[in-house]
1. Antiparallel as a % of all DSSP beta bridges within the protein assembly as shown, to the nearest 5?
2. Could you derive backbone 3J(HN,Hα) for the range B:310-325 from the dihedral phi with the Karplus parameters 6.51, -1.76 and 1.60 (θ = phi - 60°), listing whole Hz in sequence and x where the residue is Gly or Pro?
3. Percent of Cα-Cα pairs more than 48 Å apart in the protein assembly as shown, please.
4. For the range A:178-265, just list the percent of Cα-Cα distances falling in each 10 Å bin from zero outward, please.
5. Inside 10 Å of the C-beta atoms of B:153-159, what's the mean count of C-beta atoms belonging to other chains?
6. What residues qualify as long-range amide H neighbours of A:Cys262, i.e. H under 5 Å apart, gap of 5 or more or another chain, H built at 1.01 Å from N?
7. Order by neighbour count: B:Ile309, B:Ile58, B:Ile157, fewest other Cβ atoms within 10 Å first, most last.
8. If you take the charge dipole of the range A:157-311 about its Cα centre, with +1 on Lys and Arg Cβ and -1 on Asp and Glu Cβ, which of A:Cys288, A:Leu227, A:Ser212 is farthest toward its positive end?
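Any read-out appearing in this document is the output of simple, stated calculations on the displayed coordinates, not a laboratory observation. Because the structure is predicted, anything quoted here is derived from the model rather than measured. Every residue, glycine among them, receives a Cβ derived from its backbone with ideal geometry; neighbour counts consider all protein chains shown.
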Number of protein chains: 2
Amino acid sequence: MRLILCGFGVVGQSLAKLLESRSEDLYARFGLKPRIVGVFDTKGSAVESAGLDLSKLINVKKKYGTIKKYSSSKNNLSGVDLIKSLDADVLVETTASNYKDAEPGMTHITEAMKHGLHVISVNKGPLALAFPSLMELAIYNQVLLRFSGTVGGGTPILDYAKNSLLGERIVSFEGILNGTTNYILTNMTNGMSFKDALNDAKQKGYVEADESLDLDGLDAAAKLVILANWVMELKVTMPDIKRTGIRNVSADDIKNAAKKNCAVKLIASCNKELIVSPREISLDDPLCVNGTLNAISFTSEHSGTQTIIGRGAGGIETASSIIRDLLDIRQEISKI
Amino acid sequence: MRLILCGFGVVGQSLAKLLESRSEDLYARFGLKPRIVGVFDTKGSAVESAGLDLSKLINVKKKYGTIKKYSSSKNNLSGVDLIKSLDADVLVETTASNYKDAEPGMTHITEAMKHGLHVISVNKGPLALAFPSLMELAIYNQVLLRFSGTVGGGTPILDYAKNSLLGERIVSFEGILNGTTNYILTNMTNGMSFKDALNDAKQKGYVEADESLDLDGLDAAAKLVILANWVMELKVTMPDIKRTGIRNVSADDIKNAAKKNCAVKLIASCNKELIVSPREISLDDPLCVNGTLNAISFTSEHSGTQTIIGRGAGGIETASSIIRDLLDIRQEISKI
C-alpha cells in the first residue's frame with residue numbers, strides 16, 4: 001500500500017516511527033506493507049516512489065525542522081502536486097484542524113478522492129464542516145473515507161458504536177470528548193481558579209495553539225458532528241450544534257455541583273438535539289472521569305448504557321488509529 | 001436461518017420476544033429471518049420445521065410453566081433428539097452454567113458441531129471447562145462457535161477486544177466481571193455487613209441458585225477463562241485460574257481500603273498470571289464502578305488503557321447478544 005502523508009507534525013512522525021517499528025509484525029500478521037511514497041510539511045516535500053526511508057525521514061526532520069532536506073529533487077511540491085504526480089493508494093491527512101474553511105485539509109481530501117485515493121483523515125476540520133458531502137464524494141468516487149483518530153484518539157469509539165453493537169440501535173449518547181477542558185475543570189474542582197487551571201494546562205502542552213478550539217467547545221463540537229453522522233446517520237455539520245464553552249464556569253458553579261455529589265463537565269450530547277455545554281454529572285456516573293481522560297456513554301435499545309473510557313489523544317495513539325484504518329481499508333478492498 | 005434453542009428460561013424467552021418484536025427490522029436491515037424450529041425446557045419440547053409461533057410459545061410457557069403443551073406431537077424430545085432429527089443451521093445453548101461437568105450444555109454443543117450446526121452459547125460452563133478443545137472441534141467440523149453473551153451480557157466486550165482493536169496488541173487486562181459480588185461489596189462499602197448485603201442481593205434476585213458461583217468467584221473465573229482464550233489466545237481452562245472469592249472480605253478490609261482512597265472489588269486479571277481475587281482499587285480508577293455494573297480495562301501496546309463499563313447481565317441484554325452473534329455468523333458464512 002502506497003501512502004501520501006499530509007503533514008509531518010507529532011502525528012505524522014509518530015506514524016513513521018510506528019510503521020518502522022511494526023513493519024515486520026504488520027507484514028507477518030496481516031500481509032500489510034505500507035510505504036510512504038510522498039510527504040510534505042510547511043516548508044517542503046520528500047518523494048520516493050519505492051517508499052521513503054522512514055528513519056532517514058525522521059532524522060532529517062529532527063535535524064533541520066523540515067523534511068525538505070531529505071533529497072534535493074522534488075522537495076518543493078504541495079499536497080495537491082503530490083496527489084497529481086504520484087501513484088498512490090491512500091492519502092493520510094494530518095494537517096491541523098481549522099473550523100473556518102477546513103483548509104488545506106479539505107482540498108487534500110477532495111483532490112485525493114477525485115484521483116481515486118482512499119482517505120484516512122485525523123484532521124477533524126473537513127469532517128466537521130462537510131461530513132455528509134465528503135461521504136457522498138467518497139461513494140461517488142468509489143473510495144473509502146476513514147477517520148478513527150478524530151474521536152477518542154487510540155480508543156476505537158467509532159468502530160465500537162458501528163460494529164461491536166451491530167444489530168443494536170443506539171438511541172442516544174453523551175460524552176466528555178475534549179481532554180483539555182476536562183483537565184481544566186478537574187483542576188477547578190480541586191480548588192484552582194479557571195485562570196490558574198488554564199495556565200497549568202498550557203504548561204503541560206495540553207492546549208491547542210488556538211485556545212478557543214478547546215475553551216469554546218469547538219473541538220468537542222467537531223467530534224459530536226462526526227459521531228452524529230457516523231453512529232446515528234444524521235446529516236449534520238458544525239452549525240447544527242448548540243455550543244457553549246467553559247469560559248463562564250465559575251468557582252460557585254463547581255461548589256454548587258459538589259453539594260449535589262456532582263462535578264461540572266463539558267458534555268457533548270446527542271439526544272434529539274445536538275449540544276455541547278457544561279453540565280453537572282453525578283460522581284457515581286461512569287461518565288464522570290477526571291484529568292485528561294475522555295469518556296462516552298452510548299444508550300442502546302436492548303443492551304443498556306455502555307461507557308467507554310480512554311486517553312483522548314497523543315501522537316502514538318492517533319498513529320495507532322491510522323494503522324487500524326489502513327487494516328480496515330485493506331479488508332474492505334479485499335471484499336470487492 | 002433455522003435455530004434449535006436449548007432451554008427456555010429468562011434468556012430463551014427474552015430471545016423469543018426480541019425475535020418477535022424485531023423480525024421486520026432484522027429482515028429489512030440485514031436480510032436475516034431467524035426461525036426457531038425446535039426448543040425444549042426441563043419438562044418437554046416443541047417442534048415445528050416451518051418455525052414455531054413465538055407468541056404462542058411464550059403464552060404456553062406462561063400458562064403451563066413449560067412449552068411441552070405447545071403441541072401434542074414431538075413434545076418429549078431431548079436436546080440431542082432435536083439435534084439428530086431436525087434440519088437446522090444454528091444451536092443456541094442457554095441452559096444453566098455448571099462447572100463440574102458442564103452438562104447438559106457440553107453434550108448439546110459437541111453433538112451440534114458434529115452434525116454441522118454453528119453454535120451460539122450463553123452457557124459459560126462448557127467454555128470454562130474446555131474452551132481450547134471446543135474451538136478445535138469447531139474448526140475440525142468447519143462450524144462457528146460464538147459466545148458474546150457469556151462476558152458482559154449486552155456489552156460487546158469480546159468483540160471490542162478482538163475486532164475494534166484490530167492490529168493493536170493487548171498486553172494485559174483486569175475487570176469486575178461479576179455484578180452480584182460488586183453489588184455486595186458496594187453495599188459493604190456503604191456500611192452493611194456481609195450477611196445483610198448478601199441477603200439484600202438475594203432479595204433483589206441477583207444471586208445464582210448456587211450462591212457459590214458468585215461468592216467463590218467461579219462465575220468471574222469462567223469469564224476470565226473465556227477472555228484469556230479469545231482475547232489473549234491462551235489455551236487455558238478453569239484449573240489454571242488462581243481463585244479467591246469474597247466470603248472473607250471483612251469490614252476492616254473495607255475500612256482500610258477507604259483510608260487509602262480505595263474500594264475493595266473482586267478483580268479478575270490477566271497479566272502473566274490468571275487471578276480472581278478481592279483487591280483494593282483506587283476510587284479514581286475508571287474500573288472502580290459500583291452497584292451491579294461490570295467494567296473491564298484493557299491495556300494495549302500503543303493505545304493506552306481503555307475501560308468499558310456496562311450492565312453485566314439481564315435476559316434482554318443477553319438475548320440482544322445472541323442476535324449479534326447470529327448476524328456475525330451470517331456475515332462469516334457469506335464470506336465463504
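1. Approximately 65 percent, going by the DSSP bridge assignments.
2. Using θ = phi - 60°, the values come out as x, 5, x, 9, x, x, 6, 5, 5, 4, 4, 5, 5, 5, 4, 5 Hz.
3. The share of Cα pairs beyond 48 Å in the protein assembly as shown comes to 19 percent.
4. 17, 42, 29, 12, 0
5. Other-chain Cβ atoms within 10 Å of each residue's Cβ, averaged: 5.
6. Close amide H contacts, sequence-distant or interchain: A:Leu283.
7. Least to most surrounded, the residues fall as B:Ile58, B:Ile309, B:Ile157.
8. Checked the options; the winner is A:Cys288.
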